[in-house]
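**Q** Please read through the structure below; I'll follow up with questions.
The values are calculated or read from the model by the stated rules, or taken from the named source; none is laboratory data. Everything numeric in this text was worked out from a predicted model, so none of it was measured. FYI the Cβ positions are ideal-geometry reconstructions off the backbone, even for glycines, and counts take in every protein chain you see. Just the protein is used for accessible areas: all its heavy atoms, side chains included, with ligands, DNA and RNA removed. Shrake-Rupley method; radii C 1.70, N 1.55, O 1.52, S 1.80 Å.
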Amino acid sequence: MPQDQTGIIDYLWFAVSLAILGVWLRKSSWGRKAFVQAPLRPHNIQAVDILIVALFYITTFLLSSLAAKIPVENGWDLDDISRLVLALGQLLTAAIMLAIIHRRFEQGFKGLGLSIANAAKAIKPTLIYCVAAFGLTFLTLAITLIICRLCGYNQLYKHPFLDLLSGGQRSLFSLILLITLATLVAPLVEELLFRGLLQNFIIGTLTHTFQTSQPEGDTNVENKTPIYLSPLCRWAGIIITSAIFAIVHPVQHLPALFVFSICLGYSYEKHGNLLIPIGMHFLFNVLPITVTLLSR
């Protein structure tokens, strides 16, 4: 959807997305039955794991900023060096998260659905979720734009990466680096962080804190998340994670990204396959980048 106008196709997409949402609300009893038969993922994620990853994540951006200020004499573009440092740092952060996941989840990588077999299974639900999630997200973006205009702000700011892609001539290396960061590195790292670690940690913490009883026949795994996860704890974890996810992005995009993140969190919690939100995130980033490149 364009940043400053909405067409008939957008309205149709909004209508389809709202219709899908309405059907889902009815069938899931307003979300109360949303996680029936959802897979369980026993784990022992600790607060220190989140802190370690957050430290590496933030340090990566700080080093990237510093790299842009270091003078070089070999003809390299400082912005490209900064982005290369960012890409390498985020990939290192992803490796650290995968090590934590392998150690903390009872089933290792399979605890997040990260397997070759699940890759094929993720394609269909990813595309289906994208239809509804993108429509609801763009609808929220359109409403945000209307509110901004009513408040005197006549333009919704683009993501910095889109501004970089749309402005001026860039070398092939610079263009590839920008696109790789936005479409491959960012979805992988952010989904591992927000859905893979943070959402699981928050849901597990809430479950241990507020869940006092379990259905007959269910047992606890010592020092791991209980076998039974209440829908309330799952939804609370999704919402809290989505709020944090939205806050670390541009302010004007916060409402839309909050909605999108809820869709990402739900898709993962429902299927237990992190490849689904990674695929959704990838396509979500590819769409505006493609439109931007075609409009240059």
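**Q** Using a 7 Å offset from Cα along Cα-Cβ at residue 44, what residues in the stretch 83-102 end up with backbone N under 17 Å from the label point?
**A** 99-102
**Q** Evaluate the distance, in nm, between pseudo-label points positioned 7 Å from the Cα of residue 29 and of residue 208 along their respective Cα→Cβ axes.
**A** Distance between the two pseudo-spin positions: 2.9 nm.
**Q** Among 104, 195, 170, what's the order by accessible area (1.4 angstrom probe), most exposed first? Spell out each step's value before the answer.
**A** Working: 104 50, 195 0, 170 80 Å².
Correct descending sequence by accessible area is 170, 104, 195.
**Q** At 7 Å along Cα-to-Cβ for each site, give me the label-to-label distance between residue 106 and residue 8 in nm.
**A** 5.5 nm
**Q** Something else now. Which of rounded, prolate or oblate describes the stretch 35-142 when judged by the alpha-carbon gyration tensor and an a/c cut-off of 1.5?
**A** Working: a/c = 2.38, a/b = 1.49, b/c = 1.61.
Note, shape of the stretch 35-142 comes out oblate.
**Q** Please build a GNM for the chain, connecting alpha carbons under 10 Å apart, and tell me which residue among 180, 59, 209 fluctuates the most.
**A** Result: 209 has the largest fluctuation of those listed.
**Q** Could you point to the label whose value was computed as Rg and Dmax of the Cα atoms in Å for the structure here, given [x] 19.0, 56; [y] 20.3, 70; [z] 23.7, 84?
**A** [y]
**Q** Largest first, how would 79, 10 line up by accessible area (1.4 Å probe)?
**A** Working: 79 75, 10 20 Å².
Accessible-area ranking of 79, 10, largest first: 79, 10.
**Q** So, in nm, how far is label residue 174 from label residue 77 when the simple model puts each one 7 Å beyond its Cα toward the Cβ?
**A** 0.2 nm
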